[in-house]
Amino acid sequence: MSTAPKRVLMVAFHFPPQSGSSGVQRSLRFVQQLPSFGWEPIVLSIWPGAYETTSEDLLGEVPVSTVVHRAMALDASRHLAIRRRYLAALARPDRWASWRWDGVRAGLKLIREWRPQLIWSTYPIATAHLIAAKLQAHSGLPWVADFRDPMAQDGYPSDPIAHRQFQAIETLAAQQASQCLFTTPGAASEYRRRYPAAAARMGVLENGYDEASFAAIEAALDSSRPRLNPDRVTLLHSGLVYPSERDPTALFKALALLTERSPGLSHRLRIRFRASGHDAMLTALATQLGVTEMIELVAPLPYKDALTEMLCADALLVMQAANCNQQIPAKVYEYLRARRPVVCLADPGGDTATMLRSAGVTAVAALDDPTQIVELLHTLLIQSQSPDGIVNAIASEAVAAAARTARTAALAEHFDRLTR
């Protein structure tokens, strides 16, 4: 007697063809890999026209058998603005709040048609949790709320009304969801403290990397892995640079100090910012501190090209300020898999630095301390001149544990437990 497939309705804003956020990798890889663990995904996403930026490079990786419904929504900042101004109420809890109405309608239809056993939704677009909460209330199905990062934080969102809405949404999830998942231990601990009655339903499911993508790239690469700048030591930062959460000011001050103290070494260093999202800020800061010759600002790349660049960098740079101590940039897991030396500029007590130290990374300095950073960069450049090159002691076990296949297996275990 055949057994009906287990299905999960996945509410995800970040899904191909969306681009510009590493969040798309989390939802895409779960959709790819869950069938191997006995779960068939039904995807409820958003109309592609609502995305700020799109790219077709990952569309081909969505399994052709996967049901994907794209509900109608508008971006308040673009579609509902007059002379670039729009009502704040139209962008609460986020700019895609209008997704909720067609999302709930479409979700109920998908539930009737496909009869999933469970609902999963993923933040940081808060409207996804609102849609899932409404679907759960109508259907009675178990709901897994994938928070990834904390929602309401000190000073975030800065709009007091949006902040209260974020608090209301996370309270709703704590009361109604069968499981709340976070990408770091610090975030899960914070929510256990906020909602002690739901503490047993708060868990950790970290981000990861896609092994198949790396393996295909490595097979095509020359064994020598050509360097990004043959005559320079290139430190690559791949992804967004936030003015507060990844403030590069102390790093640029350290570059100025390095130029002053060791000009013979400093001219060999280049820091490449790939798809920073704030090139104007970086240019102004580099000009102000006289370090423009040490900075490269380059445009976004398709996903696999970005991974190739990581594999060819001399070292990889991660920045995370103390106000994000309960978060770990998703790119860090791809850094680990690239098996290149990693330079971590973060609060030593935060989750990012803690995780990287546990993986074997020793090049750690506080993001807001130019003195620590210049010592770290000086050591890096000295090591680069030795026969063995820059020290890279990343543990193989840490790399293996961060594979998205392992993360998907853990997610499927949650699903199995909740529907057993």
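The values are calculated or read from the model by the stated rules, or taken from the named source; none is laboratory data. Keep in mind it's a predicted model, so treat the numbers as computed, not measured. Ideal geometry is used to build each Cβ from the backbone, glycine not excepted, and the neighbour counts take in all protein chains shown.
How many residues, within segment 41-64, are part of a strand (DSSP E or B) and at pLDDT below 95?
Number of matching residues: 1.
Identify, please: which residue in segment 134-150 is among the hydrophobic types (A, V, I, L, M, F, W, C) and surrounded by 22 or more Cβ atoms within 10 Å (Cβ to Cβ) and is, among those, nearest to G208 (Cα to Cα)?
Going through segment 134-150, the residues among the hydrophobic types (A, V, I, L, M, F, W, C) turn out to be 135, 137, 141, 143-145, 147.
With surrounded by 22 or more Cβ atoms within 10 Å (Cβ to Cβ) added as a condition, the list becomes 135, 143-145, 147.
On the way: L135: 28, W143: 22, V144: 19, A145: 18, F147: 15 Å.
That would be F147.
I'm told Q176 meets every condition in (1) without any contact (Cβ under 8 Å) to a residue 12 or more places away in the chain; (2) closer than 28 Å to L28 by Cα; (3) over 23 Å from the mean Cα position of the chain (by Cα) except one. Can you identify the failing condition by its number?
The number of the failed condition is (1).
Does E245 satisfy the criteria of being part of a loop (DSSP other than H, G, I, E, B), closer than 22 Å to F30 by Cβ and not hydrophobic (A, V, I, L, M, F, W, C)?
For E245, the condition - part of a loop (DSSP other than H, G, I, E, B), closer than 22 Å to F30 by Cβ and not hydrophobic (A, V, I, L, M, F, W, C) - is not met.
Just a yes or no: is a residue in segment 395-402 in contact with a Gly (Cβ under 6 Å, 6 or more places away or on another chain) and over 30 Å from E40 (Cα atoms)?
yes
Just name the residue that is farthest from A187 (Cα to Cα) out of those in segment 344-386 that are part of a helix (DSSP H, G or I) and under 19 Å from the mean Cα position of the chain (by Cα).
Among them, the one singled out is L356.
Yes or no: D154 of a type in the set (D, E, K, R), over 26 Å from Q32 (Cα atoms) and within 21 Å of the chain's Cα centre (by Cα)?
yes
Just need a number here: residues in segment 289-323 that are of a type outside the set (V, I, T), in contact with a Phe, Trp or Tyr (Cβ under 7 Å, 6 or more places away or on another chain), outside any helix (DSSP H, G or I) and closer than 26 Å to I394 by Cα.
Adding up the residues that qualify gives 1.
Just need a number here: residues in segment 244-273 that are acidic (D, E) and at pLDDT 95 or above.
The qualifying residues number 2.
Check segment 198-221 and report whether any residue there is touching a Cys at 6+ places or on another chain (Cβ under 9 Å) and part of a loop (DSSP other than H, G, I, E, B).
yes
Select from segment 142-173 the residues that are of a type in the set (A, V, I, L, M) and free of Cβ contacts under 8 Å to residues at least 60 places away in the same chain and list them in ascending order.
Listed by number, the residues that qualify are A145, M151, A152, A168, L172, A173.
How about segment 155-177: which of its residues are small (G, A, S) and out of contact with any His (no Cβ under 9 Å at 6 or more places or on another chain)?
S158, A162, A168, A174
Picking from W99, W114, W120, which residue would you name as being under 17 Å from V68 (Cβ atoms), in the same structural domain as A177 (by TED's automatic domain parsing), surrounded by fewer than 18 Cβ atoms within 10 Å (Cβ to Cβ) and at pLDDT 95 or above? Give the steps one after another, and end with the answer.
Details: W99 fails: surrounded by fewer than 18 Cβ atoms within 10 Å (Cβ to Cβ); W120 fails: surrounded by fewer than 18 Cβ atoms within 10 Å (Cβ to Cβ).
When all the criteria are applied, what remains is W114.
Kindly establish whether G264 is of a type in the set (G, A, S), free of Cβ contacts under 8 Å to residues at least 40 places away in the same chain and under 16 Å from L380 (Cβ atoms).
yes
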